[in-house]
Amino acid sequence: MIDYSTVGISPAVQAYGEKKEAELTARFAAIDRVAEANQLKVLAAMQKNRLAEAHLGTSTGYGYNDAGRDTLAAVYADTFHTEAALVRPQITCGTHALTVGLWACLHPGDEILSAVGKPYDTLEEVIGIRPSAGSLAEYGITYAQADPDENGDPDIPAIVSRINERTRLVEIQRSRGYSSRPTLSCEKIGQIIAAVKAVKPDVICMVDNCYGEFAEEIEPSDVGADLVVGSLIKNPGGGLASTGGYLAGRQDIIDRCAYRLNAPGLGAEVGASLGLLPSMFQGFFLAPTVTASAIKGAVFAASCFEGLGFEVIPRPETPRYDIIQQVILRKPELLVAFCRGIQAAAPVDSFVAPEPWDMPGYDAPVIMAAGAFVQGSSIELSADGPLKEPYSVFFQGGLTWYHAKTGVLMAVQKLVDEGLTLC
Ligand SMILES: *Cc1c(COP(=O)(O)O)cnc(C)c1O
């Protein structure tokens, strides 16, 4: 008998979790099938590109002739079924990768259209929705937005109506991130792209793929995206990549991205890999199962907290296209307790108690729980939420299903300690 009291979870909470888990057997099997298909895809890409021990070395300085780095890019391109990819530790985060993509594609006088509401928070300053030094707006690149319909789905007629002669790029964010609309399936992304291309075939369709990689058997690049972009401290890094980002897409666009990331004329030829290639390759190899673990954790959290009477988004039975779970806790003390549970279940810094703090750029104090091997890694078990109505927590990650389960049980435990009764 497994005994969760060794980490501070009571037999009653463990039993509650076991009951919920038993209801999810079929769901978990379906998640495993997606991971299996994606594992095969990644393996085939590594074999096709003849990944060799010699590719796991390093380069320094300019990084000329780094065959390992170029093979990693080819493995990404083949996995995403794109002509080319740029996968680099010099891409510092998802926002940076997206910024490289936008700057590579847009010229003064062009317009960017966000297809499903506002883009991810950090892109607001990049685009200039919130004024910022060096934004696209400063260079005369304008912004337009189509909001989702009343169900939160893409409003295709609204999207099409906002395309004009200056529209150069349509940005489509796959994951809901921290917004209230549902995450887009690749199928829906394909519908948006088809509608856009029908009215203006040369518009670049760029997908913010953060949190979505390997959640389905296909990727946005399989349904017509010209460019897909993401962070290596989320799904595709598999928890092992210690930094980095990727862009995958059309060869001409990736060439421009490399010119923008490095310098015109230099492009992808430079960029030392600094000994990071083994973790980037191995992390990508593990990413399908790691992503599946995180999705199981999200479904399990939805099931446990819905069972306790909380509103959860998405619901346990809703199909998943990313790894994020929202739980609406309604009370500040429950939000704090939830995050302290996730923290207490961490392998690193389990002994600290997170406190709400005034984070720059937010209009309310934010509490964050993260005890990660890689700073800020949100493919590792983590939770955060702003201390304001309706006191929602956003929960994501889990390098293994067992750890995700422990984190959810610990969050339940902390709520029970606050006086909540199990039913
Ligand atoms: C995480 C994320 C980003 C980029 O965030 P970084 O913290 O810069 O890596 C962009 N879009 C979405 C939807 C995300 O989830």
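The values are calculated or read from the model by the stated rules, or taken from the named source; none is laboratory data. All values derive from a computational prediction rather than experimental measurement. Backbone-built Cβ (ideal geometry, glycine too); neighbour counts: all protein chains shown.
When you look at residue 82, is it within 20 Å of the chain's Cα centre (by Cα), surrounded by 15 or more Cβ atoms within 10 Å (Cβ to Cβ) and part of a loop (DSSP other than H, G, I, E, B), yes or no?
It is true that residue 82 is within 20 Å of the chain's Cα centre (by Cα), surrounded by 15 or more Cβ atoms within 10 Å (Cβ to Cβ) and part of a loop (DSSP other than H, G, I, E, B).
Would you point out which residue out of 385, 376, 371 is more than 16 Å from the ligand (Cβ to nearest atom) and outside the structural domain of residue 93 (by TED's automatic domain parsing)?
371
Just to verify a result, which residue in segment 183-206, among those that are touching an Asp or Glu at 6+ places or on another chain (Cβ under 8 Å) and within 16 Å of residue 253 (Cβ to Cβ), is farthest from the ligand (Cβ to nearest atom)?
The qualifying residue farthest from the ligand (Cβ to nearest atom) is 204.
Does residue 43 count as within 16 Å of the ligand (Cβ to nearest atom) and either in contact with a helix residue (DSSP H, G or I) (Cβ under 9 Å, 6 or more places away or on another chain) or of a type in the set (Asp, Glu) (or both)?
no
Which one is nearest to the ligand (Cβ to nearest atom) among residues in segment 147-182 that are touching a Gly at 6+ places or on another chain (Cβ under 8 Å) and over 23 Å from residue 249 (Cα atoms)?
Residue satisfying both the conditions and the ranking: 179.
For segment 149-163, state whether one or more residues are of a type in the set (S, T, N, Q) and loosely packed, with under 14 Cβ neighbours inside 10 Å.
Within segment 149-163 (the criterion being of a type in the set (S, T, N, Q) and loosely packed, with under 14 Cβ neighbours inside 10 Å), the answer is yes, since at least one residue qualifies.
Which of the residues belonging to segment 62-75 are hydroxyl-bearing (Ser, Thr, Tyr) and surrounded by 15 or more Cβ atoms within 10 Å (Cβ to Cβ)?
Applying the first criterion (hydroxyl-bearing (Ser, Thr, Tyr)) to segment 62-75 yields 62, 64, 71.
Hit for segment 62-75 is 71, nothing else.
Which residue, of 112, 91, is assigned by TED's automatic domain parsing to the domain that holds residue 223, within 16 Å of the ligand (Cβ to nearest atom) and part of a strand (DSSP E or B)?
Unique residue meeting the criteria: 112.
Examine segment 304-311 for a residue that is buried (at least 17 other Cβ atoms within 10 Å of the Cβ), touching a helix residue (DSSP H, G or I) at 6+ places or on another chain (Cβ under 7 Å) and part of a helix (DSSP H, G or I), and state whether such a residue exists.
yes
Only one of these conditions is not met by residue 59: (1) loosely packed, with under 13 Cβ neighbours inside 10 Å; (2) among the small types (Gly, Ala, Ser); (3) touching a Lys or Arg at 6+ places or on another chain (Cβ under 8 Å). Which number is it?
Residue 59 satisfies every listed condition except (1).
Look through segment 258-303, keep the residues that are of a type in the set (Gly, Ala, Ser) and on the phi > 0 side of the Ramachandran plot, and return whichever of them is surrounded by the fewest Cβ atoms within 10 Å (Cβ to Cβ).
The residue in question is 265.
Do the conditions hold for residue 254, that is, is it closer than 25 Å to residue 27 by Cα, among the β-branched types (Val, Ile, Thr) and away from the ligand (no atom under 12 Å from the Cβ)?
no
Can you name the number of the only condition in (1) within 16 Å of the ligand (Cβ to nearest atom); (2) aromatic (Phe, Trp, Tyr); (3) surrounded by fewer than 20 Cβ atoms within 10 Å (Cβ to Cβ) that residue 214 fails?
(3)
Those residues that are among the hydroxyl-bearing types (Ser, Thr, Tyr) and at positive phi, I need them from segment 198-223; list them, please.
211
Is it the case that residue 99 is over 14 Å from residue 248 (Cβ atoms) and crowded, with 23+ Cβ neighbours inside 10 Å?
Criteria met by residue 99.
Taking interchain pairs and intrachain pairs at least six residues apart, which have beta carbon atoms under 8 angstrom, with the first residue in segment 92-103 and touching a residue at least 24 places away in the same chain (Cβ under 8 Å) and the second within 8 Å of the ligand (Cβ to nearest atom) and among the acidic types (Asp, Glu)?
94/208; 98/208
Of the conditions (1) in contact with a Pro (Cβ under 8 Å, 6 or more places away or on another chain); (2) among the hydroxyl-bearing types (Ser, Thr, Tyr); (3) more than 24 Å from residue 215 (Cβ to Cβ), residue 303 clears all except one; give me its number.
With (1) in contact with a Pro (Cβ under 8 Å, 6 or more places away or on another chain); (2) among the hydroxyl-bearing types (Ser, Thr, Tyr); (3) more than 24 Å from residue 215 (Cβ to Cβ) applied to residue 303, the lone miss is (3).
What residue, of 117, 68, is in the same structural domain as residue 249 (by TED's automatic domain parsing), within 16 Å of the ligand (Cβ to nearest atom) and not basic (Lys, Arg)?
Working: 68 fails: within 16 Å of the ligand (Cβ to nearest atom).
Within the list 117, 68, the selection yields 117.
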